[in-house]
Structures are given as C-alpha cells and as structure tokens.
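The structure appears right after this line, and notes come after that.
Throughout, read-outs are computed from the coordinates displayed, never taken from laboratory work. Only a predicted model underlies this, so the values are computations on that prediction, with no experimental measurement involved. Cβ sites come from the backbone with ideal geometry, for glycine too, and all protein chains shown count toward neighbours.
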Amino acid sequence: MTDWKQAFTGWGLSWDGWFNNRRGEWWFMAQLALITFHLLPAWPKPWIFGICWPHAAQLMGLITLATGLGLAVQGFLTLGPSLSPLPDPKPGADLVTTGVYARCRHPLYRAVLVCSLGVVIALGSMLHLLLLLLLITVLRGKARREERALLRELPSYADYMKTTAAIVAHCPGLDWRRLEAS
C-alpha cells in the first residue's frame with residue numbers, strides 16, 4: 001500500500017510551473033482538456049447525415065473504451081511509485097520496463113488513445129474524431145518531451161527506446177523507433 005500512495009506524491013506540480021511550463025505542465029493541461037472534452041455529446045449527430053448509427057458500432061465502441069480503461073489500470077499498477085502526470089520524470093524514479101512497459105514505452109498514452117477511439121466508434125461523432133486526432137498530436141509531443149527528460153535522467157533509456165515501441169507499434173507517428181535508429 002505504501003508504494004501505491006507514493007505514486008500520487010512528488011509530482012512537482014506548482015503554480016509557477018503552470019505559468020512557465022517548467023516540467024511540461026502545459027502538455028498535461030492540454031491532455032486533460034482534450035480528455036474532458038470527450039464528455040461532450042456527439043456533434044454532429046450521425047442522423048443529421050441520414051445515418052442510423054448501428055448498435056453494433058456502439059457496442060464495439062464501448063468494448064474498445066473498456067479495453068482502454070483496462071490498459072490504463074495495467075499501466076498505473078505497473079508504473080507504481082514512478083507515476084507522474086507530467087512529462088518530466090519524478091526525481092529518483094526507476095525505469096520501468098516490465099509488464100505493459102515491455103511492449104510499449106508509453107502505455108498510459110496508448111490507453112488514452114484507445115479510450116478516445118472507443119468514444120469515436122460508440123458515438124460516430126466528427127467532434128470526437130477531431131478530439132482523437134488532437135490527442136494523438138498532444139500525446140506524441142508529450143511523449144517526445146518525456147523521452148528527452150528520461151534520456152537525461154536515465155542513460156539506460158536509450159537501449160529501451162531501440163527495442164520497444166513508443167505508443168503503438170509499427171504505426172507511423174506513434175512509433176518512432178526507426179527515426180531513433182538513424
């Protein structure tokens with residue numbers, strides 16, 4: 001239980017950081033805003049275009065959303081005391097490369113994208129598709145900043161980067177292992 005409590009301490013959030021983005025607070029703020037906007041209703045509704053959104057699509061979207069939530073729980077539990085919402089790692093944090101982190105360097109970001117995709121599929125909403133695309137952009141930028149900070153703090157991160165997918169394996173823009181190898 002002590003490890004779990006440590007996961008929610010030492011994040012380094014401060015009022016000063018919110019104004020100067022010292023530890024990547026603006027990336028976190030953008031991520032939170034986009035996730036929150038997913039609570040908005042579908043717009044435009046598919047029926048405006050004469051489309052009756054199928055119940056099977058709604059069900060598949062809910063299953064995808066639940067899968068994303070499950071991935072998030074796995075990521076939280078595996079990361080433990082190294083958990084931070086900011087792209088800059090907690091001071092003294094260990095490099096976690098086991099569990100879901102053995103397959104993906106940023107499984108929490110992947111989980112957020114899977115959840116967002118689930119909402120898009122469930123609602124058939126152009127607004128939510130736009131939110132997914134914006135989340136991809138924000139989480140990619142946040143991950144790149146996080147990796148620069150991790151390389152400074154943990155030199156062993158370079159080897160991990162070469163062998164493990166960034167966010168989604170073999171997906172252009174979400175797995176930049178080839179760029180790192182060049």
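Counting charges near ASP88 (Lys, Arg +1; Asp, Glu -1) among other residues having Cβ under 12 Å from its Cβ returns a value of +3. For q = 0.08, 0.09, 0.12 Å⁻¹, what log10 I(q)/I(0) does the stretch 2-181 give under the Debye formula with an equal point scatterer on each alpha carbon and no solvent? Results for the stretch 2-181 at q = 0.08, 0.09, 0.12 Å⁻¹ read -0.28, -0.35, -0.61. What net charge do the residues around ILE167 carry, taking every other residue with its C-beta under 13 Å from that of ILE167, with Lys and Arg at +1 and Asp and Glu at -1? Charge balance in the 13 Å sphere: +4. Summing charges over all other residues whose Cβ lies under 11 Å from the Cβ of ALA143, with Lys and Arg as +1 and Asp and Glu as -1, gives +4.
Computed about its Cα centre, the charge dipole of the chain is approximately 260 debye, with only Lys, Arg, Asp and Glu carrying charge at their Cβ.
Among the DSSP helices (H) of the chain, those spanning at least 20 angstrom by Cα along their long axis with an average Kyte-Doolittle hydropathy of 0.0 or more are 55-79, 107-123, 126-153; this is a geometric and hydropathy rule only.
Working from Cα pairs under 8 Å separated by at least six residues, relative contact order for the chain is 28 percent.
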